[in-house]
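A short write-up of the structure that comes next.
Quick note: the coordinates plus some simple rules give every number you see, no bench work behind them. In this text the structure is predicted, and so the values were computed from the model without any measurement. Positions of Cβ are backbone-derived with ideal geometry, glycine not excepted, and every protein chain shown enters the neighbour counts.
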Amino acid sequence: MASQFDASEFVDDDFQTARAAQKGVGVAMATDPNRAPSREEVDSKVGQMHEKLAELKRVQQELERERSLLEETRRRQVELTTGREEMLQNLTRGIGLLDEAEFAARRDAEQMSKTLTELRDALTKVQGINEETWTKDDLNVELTRALTTVENARLEWNGARLKFPLLSTPAVTTDPAVQPGVDNSLPNLLQQQSWAQLCKLGLALTWPVALTAIAIVVVLLLRTR
């Protein structure tokens, strides 16, 4: 009868001991902090660093883009706030000024319309004065009435001139000699002439005197001969 199989008979105790010793050395080298890294480990770490740098750069670019968007949003918000405050002030002030101007213009227009009606009425009354229809008996009455009408018209006219300075503007005339504000005096006219023009003007004014003096000199010379 065959003997029972014993697995321990085929195990090399010396080989197992040496292999276990090598594994222990490898583990010890891997866990030793003072051990110099191998080339494979350095290459692996360099690759990891490149990957981390690339990831950080991508994150930085994303943050820069978000920052640009936030800055643009903040700029637009500031622009909105500033523009809104500016327009609120301008529109409020403009509306107030235009309200006052409209009220003043409406008041002036109403006053002008009233004055225009009064002036037209005064003009009609003055034009209605007809001396040809007066008789000898009612001459004094009609004259008094006409003078009163003219005086009332003068009061209306003076009151309108005080209200509207436009009525006090002198009428424009087409005659240059009577233009208002133009100095047509002789000294002013002489100052506006050039030296040559003044010489011509002097010669034109004095040539009769010079001719007379020359004639007298000639006569005296002839008598002395």
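Shown in residue order for region 139-156 are the 3J(HN,Hα) couplings computed by the Karplus curve 6.51 cos²θ - 1.76 cosθ + 1.60 at θ = phi - 60°: 4, 5, 5, 5, 5, 4, 5, 5, 4, 4, 4, 5, 5, 4, 5, 5, 5, 4 Hz (x for Gly and Pro).
Residue separation times 0.36 nm, minus the C-alpha to C-alpha distance between L53 and E86: what's the value?
Numbers: separation 33, 0.36 × 33 = 11.88 nm, distance 4.82 nm.
That pair, L53 and E86, stretches by 7.1 nm at full extension.
Applying both filters, DSSP loop and at most 11 other Cβ atoms within 10 Å, to the trypsin sites (Lys or Arg not before Pro) of region 90-164 gives K136.
Here the extension length gained between K45 and L70 equals 5.3 nm, from 0.36 nm per residue of separation less the Cα-Cα distance. Extension gain for the segment I129 to L116, taken as residue separation times 0.36 nm less the Cα-Cα distance, is 2.6 nm to one decimal. Here the simple spin-label model places points 7 Å from the Cα toward Cβ, and for R106 and L63 these points are separated by 6.4 nm.
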